[in-house]
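Bear in mind these aren't lab numbers, they're just calculated from the coordinates by the rules spelled out. None of these values were measured; they are calculated from a predicted model. Glycine gets a Cβ as well: all are built from the backbone with ideal geometry, and neighbour counts include every protein chain shown.
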4 protein chains.
Amino acid sequence: LNSFGKIFRVNIFGESHGPSVGIVVDGCPAGIPLAAEDFFTDIERRKGGTQKGTTPRKEDDLPVFLSGVFNDKTTGAPLTIVFENKNTRSADYEKLRSFPRPGHADFVASQKFGGYEDYRGGGHFSGRLTVCLVAAGVVAKKILLMANPALSCVASILEVGGESDVELGVQKAIDAKDSIGGVVECVVKNLSLGVGEPFFDSVESVISHAVFAIPAIKGIEFGSGFAAAKMFGSQHNDALENKEGKTTTNFSGGVVGGISNGNDLVFRVVVKPTSSTPKEQQTLNIQTDTIETFSVKGRHDLCIALRVPVVLEAVTAFVLADLLMLEQQVARR
Amino acid sequence: LNSFGKIFRVNIFGESHGPSVGIVVDGCPAGIPLAAEDFFTDIERRKGGTQKGTTPRKEDDLPVFLSGVFNDKTTGAPLTIVFENKNTRSADYEKLRSFPRPGHADFVASQKFGGYEDYRGGGHFSGRLTVCLVAAGVVAKKILLMANPALSCVASILEVGGESDVELGVQKAIDAKDSIGGVVECVVKNLSLGVGEPFFDSVESVISHAVFAIPAIKGIEFGSGFAAAKMFGSQHNDALENKEGKTTTNFSGGVVGGISNGNDLVFRVVVKPTSSTPKEQQTLNIQTDTIETFSVKGRHDLCIALRVPVVLEAVTAFVLADLLMLEQQVARR
Amino acid sequence: LNSFGKIFRVNIFGESHGPSVGIVVDGCPAGIPLAAEDFFTDIERRKGGTQKGTTPRKEDDLPVFLSGVFNDKTTGAPLTIVFENKNTRSADYEKLRSFPRPGHADFVASQKFGGYEDYRGGGHFSGRLTVCLVAAGVVAKKILLMANPALSCVASILEVGGESDVELGVQKAIDAKDSIGGVVECVVKNLSLGVGEPFFDSVESVISHAVFAIPAIKGIEFGSGFAAAKMFGSQHNDALENKEGKTTTNFSGGVVGGISNGNDLVFRVVVKPTSSTPKEQQTLNIQTDTIETFSVKGRHDLCIALRVPVVLEAVTAFVLADLLMLEQQVARR
Amino acid sequence: LNSFGKIFRVNIFGESHGPSVGIVVDGCPAGIPLAAEDFFTDIERRKGGTQKGTTPRKEDDLPVFLSGVFNDKTTGAPLTIVFENKNTRSADYEKLRSFPRPGHADFVASQKFGGYEDYRGGGHFSGRLTVCLVAAGVVAKKILLMANPALSCVASILEVGGESDVELGVQKAIDAKDSIGGVVECVVKNLSLGVGEPFFDSVESVISHAVFAIPAIKGIEFGSGFAAAKMFGSQHNDALENKEGKTTTNFSGGVVGGISNGNDLVFRVVVKPTSSTPKEQQTLNIQTDTIETFSVKGRHDLCIALRVPVVLEAVTAFVLADLLMLEQQVARR
């Protein structure tokens, strides 16, 4: 459902064109300094309009604290942060109700929720909700750094449309008047050894669980990932180098037996091409039951992967904050 | 930790060389016919020794019902099934305590659990525990079929060592006197539309969560998966064909917006090469703090991927049973 | 922590003197008609100032929907409702920081949260948060009625200060210039047989869990309750009268073996006297470490029990909504 | 369902006349010394046959460790303990299938589980399962003592049949050829201040949740309990005496605002008279749909309250172990 985490528990709510989107973080430790400014950098990184290939829709995206902050510090009570939806143009979407947009959740959502879902702009399924993930990530990153100032969690674009040069990949899409996919990699440095709770809550399990909540993600791999299918065991095994757990190679991506091993945690995700492509498409008109030509208007990213890194960092951060709290390496108070 | 599922909840316990391994399934509907024979086929499929490249260790693997079955039907109370560990050779492992086996959980487990873990044969991290997953899968498959007799969930080897011909791939490993990785695909047919609980409990989220509990899995992709990174949106979008949700292509792998869309659910996992390779390896002797040459003796699979299909089906089955119960498409009584 | 329920999950947030208090209900079925007006009656019942013995503080207490409602119906996405805190007089409380109010959470909260808690007006521990419970109850009652129009859930004052005549009991407190306790009873009629999930989630277990979240509750008893201690088994046993489960007596309070038995669900709670009594009290000045005479100023209820019935109904309603959803007697869509 | 706790999680399984009953404790810290002998005292205290008014049925009740123990210490993996059911006389129960025993779960269980439940001896609803609670309590008590050697958790009979002299109360039942109820009190000394997780997981909430899982409990009260209904606030408020939280009185029972306040945690439960009374009763024959005279044969306690203290201690212990682990006052490793 709409919450994640065992102790540091992130609840997410809101729809693209409703009054607001937001989070309630339950189990947030008390005493963490928190101000609106702390969110600006990551929220800015998530926004469109700042680089080629992203949507011009802009929100102020000012975090408003409804609860859990007092004298600029967290209180230990639930932390509620909302972002108002100001810049919505619902009329764009109303007329498209007959055409469930290909690649979008429109059709399945309507079937699942009996037509009661807020369908405007994708509603609860909109990429708009990733601002909530980013906000939870800002809080989580603070917690991680308080526990270990050396820890870093950085995600970056690995390729767009098969090009490691991002601009080249985006240009492909522009030239084709189409949208395009990409790959994003996340690396966590200085994560302590011993994090992860097998059997079922392995590091890979909980990270992938949360990561697949990010819209458009269709795959995840750790360390050598799918390349391991072609490797021999003697190649893939990372030999232990010292008693701190350092290994000579890192094909495991920093996780063995579901537990962090003290090396860099490394994983990659694939982001499908934005479903809202400028290209004309054939799709079903569910009113008339005929296949018609259709094209998505409105403001959209050509390559949604470009906006994923900060979201991926955020998700990774709150997953790790929860695991470290479980492992009692992050104090609850 | 060691349980999975919201309503149909699978708890797993046991160690490779302890008295037994087993499951407690909480939330299992009452009235499901269940006998030891129902488990034989899938347990046999999981066993080694039946094909080239798998370990000769054999267990009777007779499921023993400790609770939850009465007059050969489930009662609605917790279902407990144990498998005795009969054929263990602990002495093989005792002497290796100084050498944490590369690629195995030995070292991290020892660090995490303060040396108190049962290290014999990998203990709680052993592949032995997959018999528990298989058992839970047998029960879950029954439930799925009772809800929808047309539903099928079938996993198969896609490639070994880069070869789609399995025997060729295994022969590579034999020739190299090494272990080898592989790719396994799972296809679920006739899954109803509307399954999955976004925001956080998307179909991809919960399946990947459970799948990464299977030892040796290092990646998962749905539908087009990582290939989507190179695709255009107009290619990747699956056009709706009719009001039942059928699409012309299935690049989404049967999931949009985290919800099943009525087409085949398709995903692939990569299985790393067995960590226990016959090849000599360099690794740390943690007693002497020196790098030494080391080789794993004992009985091991050259390609653990060969034993994954039935485990993958099982995990998929109990994840879907839980989602369908949440969706009230499977009766709890 | 701050959420309750397995499927119909109520999250609560806010502090007495912060910007707002509110709820996020996850797992709320789609299609339930919901408007601000639906909340007025129960919110009014909860308010003080309308009867002798309750506080004159009044809030507009207008529910504001932040998410989960579209075209005046629930969408199936998380339902967020907030109540602004308008009428706060924080200055009343600032000066009392040295005197943890006897009977209040001030001291333990400060110790537990390291002094970071919002202490104004009791903060997150304030009775103010019961407006959130009431709001969740309004939604839950609607769901219960849609599942079974004959179901009713009614709580009433049984006694105040030992008097079954409420006004007499309150007058006792007025005469004594003190606050006073009371007993409230809740009766649920036409609850279907078979609700409750033993072993651990018996009807008594989950109701009492939620009920003890209501501030000032110090005890709960079902059916004959504490009187059962003096009864013989032949008296206490409720004889079955017909196959629908009707019993001749109802000493069990409608629950046997943790499961509803088709008779009225009956339980009582004791509400301690309001901690904020007008009487002077001796207490510790934690700044000076001396015992001093202290008296609570400000607006307070003489008998908080008077405001409990609607809250108790609300809590009972959302507990039962969750159990009925688990039992699949309430549709999730 | 059948598990309790957030981190220290107790799963319970088994039926009275099935092969065995048992527990899986997930989240048990590693390194706790554990041997069968550690269980003997508490298991003996729970057994019948040792005092007037309890059943002569005796089990060896030898705990068998199936997992999670290695070299006589816990490993950190799930701890599975089973107790075989050896001394069962199922024939006693088969013939009573037409007569749901008054006061027992027979009828509701049959309705809820569609007749598939194991009805022999009460099946999963049998008091037999309290041996599982006791076992979990033995482990939990060890953990509590390791965290704080001064902590004690002791329950005792307060009254039987209205008599504070237990033997007098039991004699009443013997004279009346009937069963009788009682009250049991539990006192926890030296529990640290700050335990409990409001809003919903107050100390009272989680203790009462677990306590109502014990068969036959019909009420619980903390501190002054129901007597608070007749008290004034100035009487009931416990004045703070020093900065450690010591109060002059303890009407709150050691919990304010849902959080332990450093004083003794005190609560009482009422135990209804044993449903299986030797007295003849009128009840429904569900085969013939007529009211008939019926009497319970077999081995039964006249006063089940006599066996409750050790169970109540056990439940309290594992609830507190979980809360202290959440509060990070008990190390997970």
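Residues whose amide H comes within less than 5 Å of that of D:Ser67, counting only those at least five positions distant or on another chain, are D:Thr80 (H built at 1.01 Å from N in the peptide plane).
FRET efficiency for the B:Asp264 to D:Met146 pair, using the beta carbon distance and R₀ = 60 Å, is estimated at 0.70. Of the peptides D:213-222, B:33-42, D:193-202, the ranking by mean beta-carbon count within 10 Å, highest at the top, reads D:213-222, D:193-202, B:33-42.
Checking the cross-link filter: which lysines have an alpha carbon closer than 17 Å to that of D:Lys142, excluding same-chain neighbours under 8 positions apart? Qualifying lysines at Cα under 17 Å: D:Lys73, D:Lys189.
Among C:Cys153, D:Cys303, the order by Cβ neighbours within 10 angstrom, fewest to most, reads C:Cys153, D:Cys303. Over chain B, all Cα pairs binned in 20 Å intervals from 0 give whole-percent P(r) values of 30, 56, 15, 0, listed from short to long. Entry note, the protein assembly as shown: the mean residue ellipticity at 222 nm calculated from DSSP H runs of n ≥ 4, each adding -39500 (n - 2.57), is -7500 deg cm²/dmol after division by the residues and rounding to the nearest 500. Averaged over peptide D:263-273, the number of partner chain Cβ atoms lying within 10 Å of each residue's Cβ comes to 4.
Using a simple spin-label model with pseudo-atoms 7 Å out from Cα toward Cβ, D:Lys86 and C:Val154 lie 5.7 nm apart. Highest mean packing comes first when the peptides D:118-128, A:266-276 are listed by Cβ atoms within 10 Å, giving A:266-276, D:118-128.
A straight Cα-to-Cα reach below 18 Å connects D:Lys6 with the lysines A:Lys6, B:Lys6, C:Lys6, D:Lys141, residues fewer than 8 places away in its own chain not being considered.
Counts of other chain beta carbons within 10 angstrom of each beta carbon in peptide D:131-137 average 0.
Helix C:308-326 and the longest principal axis of the C-alpha atoms of chain C enclose an angle of approximately 40°.
The modelled label-to-label distance for the pair C:Ser295/C:Arg97, using points 7 Å beyond Cα in the direction of Cβ, is 2.5 nm. Coordinate range of the alpha-carbon atoms in the protein assembly as shown per principal axis, descending: 85, 66, 66 Å. The distance between label points at B:Ala331 and A:Val64 comes to 4.8 nm (points 7 Å beyond Cα on the Cα→Cβ vector). Relative to one another, the C-alpha centroids of the stretch B:11-44 and the stretch B:269-313 are positioned 27 Å apart.
Other residues with beta-carbon under 11 Å from the beta-carbon of A:Ala213 carry, at +1 per Lys or Arg and -1 per Asp or Glu, a net charge of -3. The angle between the Cα long axis of helix A:37-46 and the longest principal axis of the Cα atoms of chain A comes to about 60 degrees, rounded to the nearest 10. Electrostatic bookkeeping for B:Gly27 treats Lys and Arg as +1 and Asp and Glu as -1; over the other residues with beta carbon under 14 Å from its beta carbon, the sum is +1. Cut-off under 24 Å on the C-alpha distance; same-chain residues fewer than 8 positions from A:Lys279 excluded. Which lysines are left, in chain and number order? Candidates past the 8-residue exclusion: A:Lys47, A:Lys52, A:Lys58, A:Lys95, A:Lys172, A:Lys177, A:Lys218, A:Lys297, B:Lys230, B:Lys243, B:Lys246. In whole Å, how far is the Cα centre of the stretch B:114-162 from that of the stretch B:165-205? Rounded to whole Å, the Cα centres lie 12 Å apart. The mean sequence distance of close C-alpha pairs (under 8 Å, at least 6 residues apart), as a share of the length of chain C, puts its relative contact order at 24 percent. Per-residue mean of foreign Cβ neighbours for D:10-22 is 6 (Cβ atoms of other chains, 10 Å radius).
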